[in-house]
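**Q** This is the structure I want to talk about, given as structure tokens.
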Amino acid sequence: MRTIPIIDQRHLKPELANAIASGDPIGQLLDGYDRPLHDLRISVTDRCNFRCTYCMPKEVFNASYSYLPHASLLSFEEITRLARQFVARGVKKIRLTGGEPLLRKHLEVLIEQLAALRTPAGEAVEITLTTNGALLARQARSLKDAGLNRITVSLDGLDDQLFRRINDVDFPVSGVLAGLEAASKAGFSNTKVNMVVKRGCNEQEILPMARYFQGSGTILRLIEYMDVGASNGWCIDEVLPSAEIVKRVHEVMPLVALTPSVPGETAERWGYVGADGQYDPKLGEIGVISSVTNPFCGGCNRARISTEGKLFLCLFATDGHDLRGLMRKPGASTDAQLQAQIVKVWQARTDRYSEMRTAELFTDRISSARRVEMSYIGG
Ligand code: SAM
Ligand code: SF4
Ligand code: SF4
């Protein structure tokens with residue numbers, strides 16, 4: 001029986017349409033600005049056990065907030081099926097995020113499924129996770145055993161009172177540090193710690209955090225506070241530019257610029273200088289992520305799948321492309337049809353929100369379109 005594709009392939013380049021139809025691996029998939037599809041971020045839940053004031057403020061994410069019903073979430077089988085199509089079209093790295101991904105029951109089962117995926121060249125895909133660390137001490141071992149490659153833990157300071165106020169659920173710093181220790185004991189290396197720096201809030205924590213993680217093998221990444229979502233009441237005055245962050249660290253713990261480790265890397269790398277005035281790998285490095293003052297849209301190779309299976313092309317997009325619908329409707333799409341949709345959407349991608357926002361920062365023209373929350377789309 002001949003199946004009729006429901007995806008309109010007329011706008012695909014002919015070689016891609018042929019490759020998709022035959023199921024053959026194709027060359028690198030490029031978007032409208034020649035950016036390859038390389039990373040896939042998957043939000044596995046829109047719920048969180050923290051209420052970080054800049055992400056899920058209690059005033060909005062309270063008892064009357066409507067989270068997605070369980071039936072709306074992609075199942076592990078659906079996530080893996082979608083991930084397989086993305087991997088067939090160029091994705092080499094998958095990051096699980098949320099909300100808080102460790103709240104999703106039996107996450108290790110999903111990790112096992114994703115870890116079994118292979119690229120068209122037969123290579124394993126790098127599987128990573130971003131977590132607030134609260135449940136990491138309990139889960140680190142099973143995540144490692146399931147095949148998770150790397151972890152990023154978010155921690156916005158070492159001052160316990162301040163951290164409890166930021167997460168707004170009174171969670172102690174020691175709980176996150178215990179998670180980091182458990183991850184290291186379970187065999188995770190190259191762990192990263194993400195610190196969102198908000199001027200006038202936790203900027204005094206930059207140096208204590210840099211000192212704490214220097215030489216520890218854990219890479220501290222300092223992130224400019226971004227205007228994501230519609231709930232955090234973002235204001236440019238609360239952004240501490242990365243250049244200022246680097247200056248503050250450099251004055252006390254000298255740094256030297258390092259080259260990017262992979263193309264499209266979001267973080268600018270700075271290595272600590274040893275006694276000989278050169279970068280000392282034993283002291284390690286920090287990263288700064290300048291999404292506001294020095295946007296990196298030009299190298300942005302990330303696709304995102306929301307908790308309910310929409311494909312988003314940008315963290316700041318206002319809507320996504322419904323892939324779950326394609327999988328669940330009667331006469332559901334074949335894998336080839338899902339891939340055709342992914343290819344079509346990626347090829348048409350022209351998103352570069354941060355570059356445009358930064359160009360417009362000092363005018364009143366910043367788009368007021370209602371953006372989706374980071375807890376839904378995944379950071
Ligand atoms: N709950 C997990 C966590 O906190 O690591 C994963 C999801 S969280 C949305 C992913 C990352 O986004 C975290 O490192 C968080 O600090 C960061 N983030 C959230 N809101 C942000 C904002 N407005 N600006 C910059 N980073 C933000
Ligand atoms: Fe939760 Fe992460 Fe958002 Fe904090 S940053 S509220 S931990 S999703
Ligand atoms: Fe990528 Fe959008 Fe961020 Fe630019 S603003 S780097 S396109 S996610």
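**Q** What full-extension length gain, to one decimal in nm, is calculated for GLU181 and ASP237 as 0.36 nm per residue of separation minus the Cα-Cα distance? Present the calculation step by step, with values, prior to reporting the outcome.
**A** Working: separation 56, 0.36 × 56 = 20.16 nm, distance 3.52 nm.
Net length gain for the segment: 16.6 nm.
**Q** OK, next. Can you send over the carbon and sulfur percentage of the accessible area for the chain, probe radius 1.4 Å, protein chains only? Could you put the intermediate results ahead of the total?
**A** Details: 8880 of 16990 Å².
Solvent-exposed carbon and sulfur of the chain make up 52 percent of the total.
**Q** Then there's this: Per-residue ellipticity at 222 nm for the chain, helices alone: DSSP H runs ≥ 4 residues times -39500 (n - 2.57), over residue total, nearest 500 deg cm²/dmol?
**A** Taking each H run of at least 4 residues, the total per residue is -8500 deg cm²/dmol.
**Q** While we're looking at this one, here's another question. Percent of Cα-Cα pairs more than 38 Å apart in the chain, please.
**A** 17
**Q** Taking only protein heavy atoms into account and a 1.4 Å probe, give the accessible area per residue of the chain in Å².
**A** Dividing the accessible area of the chain by its residue count gives 45 Å².
**Q** Determine the relative contact order of the chain: mean sequence separation of Cα pairs under 8 Å and six or more apart, normalised by residue count, in whole percent.
**A** Details: 732 pairs, mean separation 82.8, N = 379.
Over the chain, the number comes to 22 percent.
**Q** Take every DSSP beta bridge whose two residues both sit in the chain, then give the antiparallel share in percent to the nearest 5.
**A** So the antiparallel bridges in the chain amount to around 35 percent.
**Q** In segment 201-309, what trypsin sites (Lys or Arg not before Pro) fall in a loop by DSSP, with at most 16 other Cβ atoms inside 10 Å? Mind showing how you got there, number by number?
**A** On the way: sites: ARG211, ARG221, LYS247, ARG248, ARG269, LYS282, ARG302, ARG304; in loops: LYS282.
Those that pass, being in a loop and sparsely packed, are LYS282.
**Q** Which lysines, on any chain, are close to LYS144 with Cα under 26 Å apart, when same-chain ones fewer than 8 places away are left out?
**A** Within reach: LYS92, LYS93, LYS105, LYS185, LYS192, LYS282.
**Q** Let a ≥ b ≥ c be the square roots of the eigenvalues of the Cα gyration tensor of segment 151-286; is it rounded (a/c under 1.5), or, if not, prolate (a/b larger than b/c) or oblate? Intermediate results must be reported in sequence, preceding the final value.
**A** Details: a/c = 1.63, a/b = 1.22, b/c = 1.34.
Oblate, because a/c is 1.5 or more while a/b does not exceed b/c.
The values are calculated or read from the model by the stated rules, or taken from the named source; none is laboratory data. No experiment lies behind these values; they were computed from the predicted model shown. Glycine gets a Cβ as well: all are built from the backbone with ideal geometry, and neighbour counts include every protein chain shown. SASA here: full protein model, heavy atoms, side chains in, ligands and nucleic acids out. Shrake-Rupley method; radii C 1.70, N 1.55, O 1.52, S 1.80 Å.
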